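Q: Take a look at the following structure, please.
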Amino acid sequence: MLNKIDLNKILKEVKYNTSRSSGKGGQNVNKVETKVELVFNINASLVLNDQMKSLLLKKLNNKVNSEGNVRVVSQTERTQLGNKKKAIEKFLKLINNALKKENIRINTVKSYSAKLQILEEKRKQSKKKQQRRIKDFEDL
């Protein structure tokens with residue numbers, strides 16, 4: 001639904017926050033702010049139209065806070081730049097999946113002959129099971 005140009009425009013509306021990460025990196029983790037938090041406000045976006053905004057708010061309702069912000073956090077990499085790239089990838093994937101058009105399922109109807117065939121198979125199975133039963137208890 002979004003093309004490459006719109007994605008670049010959306011990335012211009014994104015804000016980044018950095019903090020100290022709890023990931024790998026040893027003493028580096030204690031000194032450098034490598035954790036990246038990407039924040040995007042859906043309601044304030046100029047790139048998205050009203051239909052897209054409502055669709056995003058509906059589909060991402062568990063990831064959107066009360067102000068309409070979507071937060072994506074990355075802290076797996078050792079560098080701030082690596083975490084920023086990961087956060088952008090996660091964010092773009094999240095947006096693209098939310099804006100994908102869902103296929104409408106068309107209910108199929110079984111034909112009359114298919115229904116008859118199913119019933120015939122049931123009769124055969126029932127007959128097979130009946131033949132396995134003990135006919136007369138007096139024989140035992």
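Bear in mind these aren't lab numbers, they're just calculated from the coordinates by the rules spelled out. These figures come from a predicted structure and were not determined experimentally. Heads up, the Cβs are rebuilt from the backbone with ideal geometry, glycines too, and the neighbour counts pull from every protein chain shown.
Q: At R0 = 22 Å, how high is the FRET efficiency between Asp6 and Asn69 if r is their beta carbon distance? Nearest 0.05 is fine.
A: Approximately 0.70, to the nearest 0.05.
Q: Another one. Taking a virtual spin label 7 Å from the Cα of Gln51 along the C-beta vector, which residues in segment 83-120 bring their backbone nitrogen under 18 Å of it?
A: Counting only backbone N, you get 96-104.
Q: Give, as a single signed number, the net charge of other residues whose beta carbon lies under 14 Å from the beta carbon of Glu67, with Lys and Arg counted +1 and Asp and Glu -1.
A: With Lys, Arg at +1 and Asp, Glu at -1, the net is +4.
Q: Now, a different point. Could you tell me which of the pairs Lys12/Lys53; Lys9/Lys85; Lys59/Lys85; Lys15/Lys63; Lys9/Lys86; Lys115/Lys135 are separated by over 21 angstrom between their Cα atoms in the structure shown?
A: In this structure, Lys59/Lys85; Lys115/Lys135 lie more than 21 Å apart at Cα.
Q: Using the Karplus curve 6.51 cos²θ - 1.76 cosθ + 1.60 with θ = phi - 60°, work out ³J(HN,Hα) for each residue of segment 39-45 in order, rounded to whole Hz, and write x for Gly and Pro.
A: Each residue of segment 39-45 in turn: 10, 10, 8, 5, 5, 8, 5 Hz.
Q: Regarding segment 17-74, what is the average projected area of its C-alpha convex hull, in nm²? Spell out each step's value before the answer.
A: Numbers: hull surface 19.4 nm².
Here the figure is 4.8 nm², rounded to one decimal.
Q: Where nothing but the Cβ of Lys and Arg (+1) and of Asp and Glu (-1) is charged, how large is the charge dipole of the chain around its Cα centre, in debye to the nearest 20?
A: Dipole of the chain, to the nearest 20 debye: 460 debye.
Q: Placing +1 at every Lys and Arg Cβ and -1 at every Asp and Glu Cβ, with all other atoms neutral, what dipole size does segment 4-79 have around its Cα centre, in debye to the nearest 20?
A: 200 debye
Q: Out of segment 72-112, which trypsin sites (Lys or Arg not before Pro) are coil in DSSP terms and have no more than 13 other C-beta atoms within 10 Å?
A: Working: sites: Arg78, Lys84, Lys85, Lys86, Lys90, Lys93, Lys100, Lys101, Arg105, Lys110; in loops: Arg78, Lys100, Lys101, Arg105, Lys110.
Sparse-neighbourhood loop trypsin sites (Lys or Arg not before Pro): Lys100, Lys101, Arg105, Lys110.
Q: Taking all pairs of distinct Cα atoms, average 1/r, flip it, and tell me the Kirkwood hydrodynamic radius of the chain in Å to one decimal place.
A: Kirkwood hydrodynamic radius for the chain: 20.0 Å.
Q: With each run of n ≥ 4 DSSP H residues scored as -39500 (n - 2.57), what mean residue ellipticity at 222 nm is computed for the chain after dividing by its residue count and rounding to the nearest 500 deg cm²/dmol?
A: Helix-only estimate at 222 nm: -14500 deg cm²/dmol.
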